[in-house]
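Notes follow once the structure below has been shown.
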Amino acid sequence: MPRVAKKTRRNYQLAKQNLDQIFANLPDPIFVTDRHGNVLLSNSTTALTLDMSLDQLLKSNVRDLVDKEYYNKSYAVEAAAQKCVVKGELTTKLGIKQLSTSTPIMDEEGNVILVLTTGRPAESTEKNTGVEERECSNRRKREMEYLRSYVLDKETIVAESKVMKQLLLKVHAVAQTDSTVVLNGESGTGKEILAKYLHRHSKRSGEAFIAVNCATLPDHLVESELFGYEKGAFTGASTEGKIGLFEAAHRGTLFLDEIAELPLPLQSKLLRVLETREVRRLGSHIDRKLDFRLIVATHKDLHKMTQEGSFRTDLFYRLNVIPVQIPPLRERPEDMIALALKFFDYFKKKYDLDVQLDSDTIQSLYKHNWPGNVRELRNVIERLVINSLQNYSAEFLELEQRMAGFKQENGYLQAAGLNGTLKEVMKSLEKQYIYQVLNQCGGRIGETAEKLGIYRTVLYRKLRAFEQDDEKNK
């Protein structure tokens, strides 16, 4: 292929990546079709409103989506036929009403080449005015902040072991109810993924899934984040006020991770919300009625905490309706191997490598205790794949065991030229990998950046930093 053609293709791919990123960050449905109705580009919000994955949507034709009742009408087809902007209301498979606008894009001869379709909630354009419209808009923004990270089709649960299959059967049955669920399990066992599984199979699956990690909320912001506030409620408050995460979860599911870290004063307020199903914003005298399903998670023993006085007893019994214990990875070796193969395949594709798991490595996986569970396994597999770039052997996993407390016997890191602080080691690995890919690509910056999954400007910046470091070390 001529160099100009390659450059054009790379520019097209880079432009498409930029468009994909822009689309992904838009809070409302938006997609592009050709004149025949084939979906060419879309964001995940569009797919979520239609109760399908983004991959499925990008393989679809809007006429087929109407025929299969994913939504009742396509204005994109009319816009292409009439060669003008067409607007109207439609209802999706999940019962979501949208005000849709389809705009045809034509060439110089007046032929339709593309149709851009956008959507927004119909309720915000009809019923709500003033404060109500602003609150509806704010709620939708908060929902979409979480929906963008809620890609369920990429977070399927691996259940090869008998214990996990039994657990999923229980969870699937519980999902059909509105009962509060407490997910207990060690760190890294996948509590949030299981919470999403509960939401996905519930009657609220068409609404928002709001995830909150109580351990990461700053003490001085916990109350305002959960309950929201009115304008001027405190110094530094937004002039328009802000809805809380409880309100953002209205009609959907609220997931409170690390519930044991919630301060005692907030525990009493949470108890009141659960008992009254009402929330009052900071600086407000109005109680707002809410309807949400609550799921909480913790790696601590809540019952023991009640005896120690660090967790309210009345809140514990209010939450502990359906307790679910997630077994650690060391108790389900079948899942461990299945997960390892899944992660290995993912990282092979991500880094474009042709490597295999050998029998020695699999045996090392079996021997390890996995105190960090699935999270630790994922990190180990990623490091294993990356380290294959340096032709490291399968003894890498033995090193992982030594890192957990065993004595290092063969000077492995030193032999690989890796020493110093963690930051210095990671920087060294990054530098070696970037130069290797650059060499594979014949020094072509654009191709290297594309293979690394970063922007050309980022690659230039890193290379300059490497050169400056080399100059300093001379």
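The values are calculated or read from the model by the stated rules, or taken from the named source; none is laboratory data. Note that this is a predicted model, so its numbers are computed, not measured. All Cβ positions, glycine included, derive from the backbone under ideal geometry; neighbour counts span all protein chains shown. Just the protein is used for accessible areas: all its heavy atoms, side chains included, with ligands, DNA and RNA removed. Shrake-Rupley method; radii C 1.70, N 1.55, O 1.52, S 1.80 Å.
When all protein chains stay in place, what accessible area (Å², nearest 10, 1.4 Å probe) is found for residue 430? Near enough 70 Å² of accessible area. Of the residues 464, 200, the one with the largest accessible area comes first in the ranking 464, 200, computed with a 1.4 Å probe on protein heavy atoms.
Counting only protein chain heavy atoms and rolling a 1.4 Å probe, the accessible areas of 366, 229 rank, largest first, as 366, 229.
Within 15 Å, Cβ to Cβ, of residue 65, how many net charges do the neighbouring residues add up to if Lys/Arg are +1 and Asp/Glu are -1? Walk me through the intermediate numbers first.
Details: positive: 59, 63, 68, 73, 93; negative: 34, 51, 55, 64, 67, 69, 78.
Within the 15 Å Cβ shell, the charges total -2.
Once the C-beta distance of residue 61 and residue 91 is scaled by a Förster radius of 30 Å, the resulting FRET efficiency is 0.95 to the nearest 0.05. Sorting 28, 354 by accessible area puts them as 354, 28; the probe is 1.4 Å, largest comes first, and only protein heavy atoms count. Take the alpha carbon gyration tensor of segment 160-216, find the square roots of its eigenvalues, order them as a ≥ b ≥ c, and report rounded if a/c is under 1.5; if not, report prolate when a/b exceeds b/c, else oblate. Note, shape of segment 160-216 comes out oblate. Rounded to the nearest 20 debye, the dipole size of segment 244-350 about its Cα centre is 360 debye, using +1 on the Cβ of Lys and Arg and -1 on the Cβ of Asp and Glu. Solvent-accessible area of residue 469, all protein chains in place: 40 Å² (probe radius 1.4 Å, heavy atoms, ligands and nucleic acids excluded). Among the protein heavy atoms, those of residue 231 account for about 150 Å² of accessible surface (1.4 Å probe, every chain in place).
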